[in-house]
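Enquirer: One structure follows; several queries about it will come next.
The values are calculated or read from the model by the stated rules, or taken from the named source; none is laboratory data. Please read all numbers here as calculations on a predicted model, not as lab measurements. All Cβ positions, glycine included, derive from the backbone under ideal geometry; neighbour counts span all protein chains shown.
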Amino acid sequence: MNINNLMVTGGCGFIGSNFIRYLLGETVFTGRIINVDKLTYAGNPENLRGIHEQYPGRYIFQKADICDADVIRKIFTDNNIDAICHFAAESHVDRSIKRPDSFIHTNIVGTFNLLELARARADKFLLFHHVSTDEVYGSLGAEGYFTEETPYRPNSPYSASKAASDHLVRAYHETFALPTLISNCSNNYGPYQFPEKLIPLVILNAVDGKPLPVYGDGRNVRDWLYVRDHCAAIWTLMRSDKRGEMYNIGGNSEMENIVIVEMVCDILDEMLPASGGRSRRSLITFVKDRPGHDRRYAIDFSKVHRELNWSPQESFATGIRKTIRWYLDNRTWIDKIRSGEYQSWIREHYGQ
């Protein structure tokens, strides 16, 4: 499959920006990337600083909301889009509990708009790859794994909105023969992740000597996937001949939240000892559990391994060290987020 003009939605976000960097810097992809991002609080142009200059003519940024069908249609037509990798979504569970309306609008209506545009170009359109989450499956007990056959049982407004968008993508393949793929990934971590998420929040708070909030008893389990491994999996799927399928992408790294927090504390104590030699574990603070907090997720990614020979390259032990080192070495990026400077830059250049 020869993709010439790839639309990446949400390309200034955590996973999207890593995917663009991966695609341009580490693959044989020779086409253009048209990055469409609304630049909400988690969409940060700093994540792709220098990419336009490094790859002249191959990277185009368009500030736009996927819910604005007319604007997206013009971008689609002007750039002769022949494939989409769809990352754009409201994605933070806590925010979905407080303001579910924006999740319903962006994750469902926005996905619908993109599917309609792709359907209108059915004779020239190559692939709609939809990036989703393991949270659509709900909560696991102490045993077992999510497979591609696991029934959907979303427990938060966020996961319900992603489940709905997954169903739309599948329906457009079955009803209109649109070439689609769906990938449901486990929790990502790595460079450029917005600091509200668990791992960067713990890293940055621990560096600053602030409390490290842990929900409930800290025994909630997630499977952790290093973001570059996720990007490699997506591209492996996109360049395959698979269509109308869904694939689970996991990191083979089941961890309790409290174990992760303790591990980050210990590595930071080694890399950047606290003044007075105080252990950062002393900063751990248990807080009231959030509503609908799923107890355990675990991904069975044997389908993508069996069919396409993909497996994660990073263990959690190696990936977390790389992640901590990145945050320690990129204080300027962090400071711009914390100060809101990047949002001021967005308003100056795009009038938001």
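Enquirer: Is it the case that residue 268 is outside any helix (DSSP H, G or I) and either surrounded by fewer than 16 Cβ atoms within 10 Å (Cβ to Cβ) or aliphatic (A, V, I, L, M) (or both)?
Expert: Values: outside any helix (DSSP H, G or I): no; either surrounded by fewer than 16 Cβ atoms within 10 Å (Cβ to Cβ) or aliphatic (A, V, I, L, M) (or both): yes.
In short, no.
Enquirer: For segment 98-123, how many residues are among the hydrophobic types (A, V, I, L, M, F, W, C) and touching a Lys or Arg at 6+ places or on another chain (Cβ under 7 Å)? Full working, then the answer.
Expert: From segment 98-123, those among the hydrophobic types (A, V, I, L, M, F, W, C) are 103-104, 108-109, 112, 114-115, 117-118, 120, 122; that's our starting set.
Filter once more, so that each one left must be touching a Lys or Arg at 6+ places or on another chain (Cβ under 7 Å): 117.
Qualifying residue count for the region: 1.
Enquirer: With the requirement that a residue be touching a helix residue (DSSP H, G or I) at 6+ places or on another chain (Cβ under 6 Å), closer than 27 Å to residue 147 by Cα and part of a strand (DSSP E or B), what does segment 208-225 give you?
Expert: Residue satisfying the conditions is 224 alone.
Enquirer: While we're here: Answer yes if at least one residue in segment 316-326 is part of a loop (DSSP other than H, G, I, E, B), farther than 12 Å from residue 189 by Cβ and either modelled with pLDDT of 95 or more or acidic (Asp, Glu) (or both), and no otherwise. Walk me through how you get there before you give the answer.
Expert: Quick first cut of segment 316-326, residues part of a loop (DSSP other than H, G, I, E, B) only: none.
The answer is no, given that none of the residues of segment 316-326 is part of a loop (DSSP other than H, G, I, E, B), farther than 12 Å from residue 189 by Cβ and either modelled with pLDDT of 95 or more or acidic (Asp, Glu) (or both).
Enquirer: Can I ask one more? Here are some residues: 330, 309. Which one is at positive phi and modelled with pLDDT of 85 or more?
Expert: Details: 330 fails: at positive phi.
Exactly one of 330, 309 is at positive phi and modelled with pLDDT of 85 or more, namely 309.
Enquirer: Return the pairs, sorted by first residue and then second, in which the second residue is assigned to a helix (DSSP H, G or I), the first residue lies in segment 316-335 and is basic (Lys, Arg), the beta carbons are less than 7 Å apart, and the residues are 6+ apart or on different chains.
Expert: Between residues of segment 316-335 that are basic (Lys, Arg) and residues that are assigned to a helix (DSSP H, G or I), the close pairs are 321/267.
Enquirer: Within segment 157-183, count every residue that is within 14 Å of residue 107 (Cβ to Cβ) and either aromatic (Phe, Trp, Tyr) or outside any helix (DSSP H, G or I) (or both). Walk me through how you get there before you give the answer.
Expert: Going residue by residue through segment 157-183, those that are within 14 Å of residue 107 (Cβ to Cβ) are 157-169, 182.
From what's left, either aromatic (Phe, Trp, Tyr) or outside any helix (DSSP H, G or I) (or both): 158, 182.
Summing the residues that are within 14 Å of residue 107 (Cβ to Cβ) and either aromatic (Phe, Trp, Tyr) or outside any helix (DSSP H, G or I) (or both) in segment 157-183 gives 2.
Residue-wise test of (1) modelled with pLDDT under 95; (2) basic (Lys, Arg); (3) within 23 Å of residue 227 (Cα to Cα); (4) within 13 Å of the chain's Cα centre (by Cα).
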| residue | (1), (2), (3), (4) |
| --- | --- |
| 1 | yes, no, no, no |
| 10 | no, no, yes, yes |
| 24 | no, no, yes, no |
| 36 | no, no, yes, no |
| 41 | yes, no, yes, no |
| 55 | no, no, yes, no |
| 69 | no, no, no, no |
| 85 | no, no, yes, yes |
| 88 | no, no, yes, yes |
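Enquirer: Right, here's the next one. Is there a residue being surrounded by fewer than 16 Cβ atoms within 10 Å (Cβ to Cβ), farther than 30 Å from residue 198 by Cβ and of a type outside the set (Val, Ile, Thr) anywhere in segment 78-90? Explain how you work it out, then say what you get.
Expert: Of segment 78-90, the ones surrounded by fewer than 16 Cβ atoms within 10 Å (Cβ to Cβ) are 78, 80.
If we keep only those that are farther than 30 Å from residue 198 by Cβ too, we end up with 78, 80.
With of a type outside the set (Val, Ile, Thr) added as a condition, the list becomes 78, 80.
Yes, segment 78-90 has at least one match.
Enquirer: If I ask for residues that are modelled with pLDDT of 95 or more and in a loop (DSSP other than H, G, I, E, B), which ones from segment 101-131 would you list?
Expert: 125, 126
Enquirer: Could you give me the residue pairs with C-beta distances under 8 Å whose first residue belongs to segment 234-254 and is over 15 Å from residue 130 (Cβ atoms), whose second residue is part of a helix (DSSP H, G or I) and modelled with pLDDT under 95 wherever it lies, and which are 6+ apart or on separate chains?
Expert: Final answer for the pair search is 250/134.
Enquirer: Does segment 140-153 contain at least one residue that is surrounded by fewer than 21 Cβ atoms within 10 Å (Cβ to Cβ) and farther than 22 Å from residue 254 by Cβ? Lay out the reasoning, then the answer.
Expert: If we filter segment 140-153 for residues that are surrounded by fewer than 21 Cβ atoms within 10 Å (Cβ to Cβ), which is where we start, we get 140-145, 147-153.
Narrowing further to those that are farther than 22 Å from residue 254 by Cβ: none.
No.
Enquirer: Let me ask something else. Could you run through segment 26-68 and say how many residues are in contact with a Leu (Cβ under 8 Å, 6 or more places away or on another chain) and not in a loop (DSSP other than H, G, I, E, B)?
Expert: From segment 26-68, those in contact with a Leu (Cβ under 8 Å, 6 or more places away or on another chain) are 29, 31-35, 45, 51, 54-55, 58-59, 61, 63, 66; that's our starting set.
Retained after the next criterion (residues that are not in a loop (DSSP other than H, G, I, E, B)): 32-35, 45, 51, 54, 59, 61, 63.
Of the residues in that region, 10 qualify.
Enquirer: Scan segment 276-299 for residues that are assigned to a loop (DSSP other than H, G, I, E, B) and either within 22 Å of the chain's Cα centre (by Cα) or within 18 Å of residue 98 (Cβ to Cβ) (or both) and jot them down.
Expert: At the first step, the residues of segment 276-299 found to be assigned to a loop (DSSP other than H, G, I, E, B) are 278-279, 288-295, 297-298.
Matches in segment 276-299: 288, 289, 290, 291, 292, 293, 294, 295, 297, 298.
Enquirer: Separate question: Output the residue which, of all residues in segment 166-218 that are among the hydroxyl-bearing types (Ser, Thr, Tyr) and over 15 Å from the mean Cα position of the chain (by Cα), is surrounded by the most Cβ atoms within 10 Å (Cβ to Cβ).
Expert: Residue satisfying both the conditions and the ranking: 180.
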